[in-house]
Amino acid sequence: MTAFDVLEAVRLQTPTLAVVAISGVATPLDSFRLGRLGAACFLAKPFTSAQLVEAIEQAIRRPVNLKPLVRDAVGRTSVRELGHELRTSMVEEAMARTSGSRTRAAALLGVSRQLLQFMLRRSKAKS
């Protein structure tokens, strides 16, 4: 099993996982292929611990590519249902990450606190 096989399998299971590829023998073509498979960063051996930390931080900061997930939903979920599920999941995750702080959750989501409160009320009403 190659790194390409592993990355393809990981992407099927967890498509939004931040991946840093590391190799001592990869060619530029291999690096390009790893990027196409979703690796956020590539490090050639040898590397320093500072370079590893920077690569991990860069991979975590990289925006999530939702296109594969959205494409998979076409024909199976309506746009309205998908939008509702996305909003609900993001609000729940933001609230969990901020230990229930609406102000911090709103900042994490990039919305106003008032909009977050509206979204929370609306999701409770639908439950």
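If we keep just the residues of the range 19-57 that are in contact with a helix residue (DSSP H, G or I) (Cβ under 6 Å, 6 or more places away or on another chain) and either at pLDDT 85 or above or among the charged types (D, E, K, R) (or both), which is farthest from L86 (Cα to Cα)? Once the filter is applied, the top-ranked residue is L43.
If you check R80, R76 for being outside the structural domain of T16 (by TED's automatic domain parsing), modelled with pLDDT of 90 or more and assigned to a loop (DSSP other than H, G, I, E, B), only one passes: R76.
Among the criteria (1) closer than 30 Å to A39 by Cβ; (2) surrounded by 15 or more Cβ atoms within 10 Å (Cβ to Cβ), the one V74 does not fulfil is (2). Of these, A26, A39, A21, which one is under 24 Å from V70 (Cβ atoms), hydrophobic (A, V, I, L, M, F, W, C) and in contact with a strand residue (DSSP E or B) (Cβ under 9 Å, 6 or more places away or on another chain)? Only one candidate passes the filter, namely A39. Look at F118 and say whether it is within 22 Å of F4 (Cβ to Cβ) and either outside any helix (DSSP H, G or I) or not assigned by TED's automatic domain parsing to the domain that holds E8 (or both). When the stated conditions are applied, F118 does not pass them. Among the numbered conditions (1) of a type in the set (K, R); (2) exposed (fewer than 14 other Cβ atoms within 10 Å of the Cβ); (3) in contact with a Leu (Cβ under 7 Å, 6 or more places away or on another chain), the only one that R61 does not meet is (3). Just one of the numbered conditions (1) closer than 30 Å to R121 by Cα; (2) within 16 Å of the chain's Cα centre (by Cα) is not true of A96: (2). For P68, the test of being modelled with pLDDT under 90, outside any helix (DSSP H, G or I) and not acidic (D, E) is failed.
Quick check on G110: is it of a type outside the set (A, V, I, L, M, F, W, C), within 18 Å of the chain's Cα centre (by Cα) and more than 25 Å from R11 (Cβ to Cβ)? For G110, the condition - of a type outside the set (A, V, I, L, M, F, W, C), within 18 Å of the chain's Cα centre (by Cα) and more than 25 Å from R11 (Cβ to Cβ) - is met.
Taking the range 1-52 as the range and being surrounded by 15 or more Cβ atoms within 10 Å (Cβ to Cβ) and in a loop (DSSP other than H, G, I, E, B) as the test, the residues that pass are P15, A18, V19, A26, L37, G38, A39, A40.
Residue check: is S99 free of Cβ contacts under 8 Å to residues at least 40 places away in the same chain and not in a helix (DSSP H, G or I)? It is true that S99 is free of Cβ contacts under 8 Å to residues at least 40 places away in the same chain and not in a helix (DSSP H, G or I).
The values are calculated or read from the model by the stated rules, or taken from the named source; none is laboratory data. This is a predicted model, so every value here is computed, not measured. As a convention, Cβ positions derive from the backbone with ideal geometry for all residues, glycine included, and neighbour counts pool all protein chains shown.
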